[in-house]
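The values are calculated or read from the model by the stated rules, or taken from the named source; none is laboratory data. Source: prediction; values computed, not measured. Every residue, glycine among them, receives a Cβ derived from its backbone with ideal geometry; neighbour counts consider all protein chains shown.
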């Protein structure tokens, strides 16, 4: 096994820990991951609106296209994360690990941008009143989700 000097080891370990933490925190974690929760809430709030049949059809098309794009983005995030893990396991140089961290961040940012674009596309098909109702629903959901757990006795 290749040994690194003290400061170089700290740099490599720091990059590894930062990349792993970012990947674990932002990666879609199955059907109940962070991204999936937001998408589920969006659909839940849309179902509370009084949408016309043409709006429903148009929104369903936008959501289906958005889901396909987000699925591809999720795979790209997974590949970037796996590459980081493989390079960490093989003792790759810090420049390689740094590039892996950049690639992971780019994949996460693309997924976030694509999710925002899908949201904007869906909201663009709603009336101003419907957008207000949708925003009220999502705000209430966020408040419930971020509510502190009850104190243990």
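Taking only pairs six or more apart or across chains, which ones have beta-carbon atoms under 8 Å, a first residue in the range 129-153 that is within 17 Å of residue 45 (Cα to Cα), and a second residue that is modelled with pLDDT of 85 or more and in a loop (DSSP other than H, G, I, E, B)?
Once the first residue is within 17 Å of residue 45 (Cα to Cα) and sits in the range 129-153, its partners that are modelled with pLDDT of 85 or more and in a loop (DSSP other than H, G, I, E, B) give 130/49; 130/50; 130/51; 133/48; 133/49; 134/49; 134/126; 137/48.
Suppose the filter is within 19 Å of residue 40 (Cα to Cα), surrounded by 12 or more Cβ atoms within 10 Å (Cβ to Cβ) and either at pLDDT below 95 or in contact with a helix residue (DSSP H, G or I) (Cβ under 8 Å, 6 or more places away or on another chain) (or both); does residue 88 pass it?
Answer is no for this residue.
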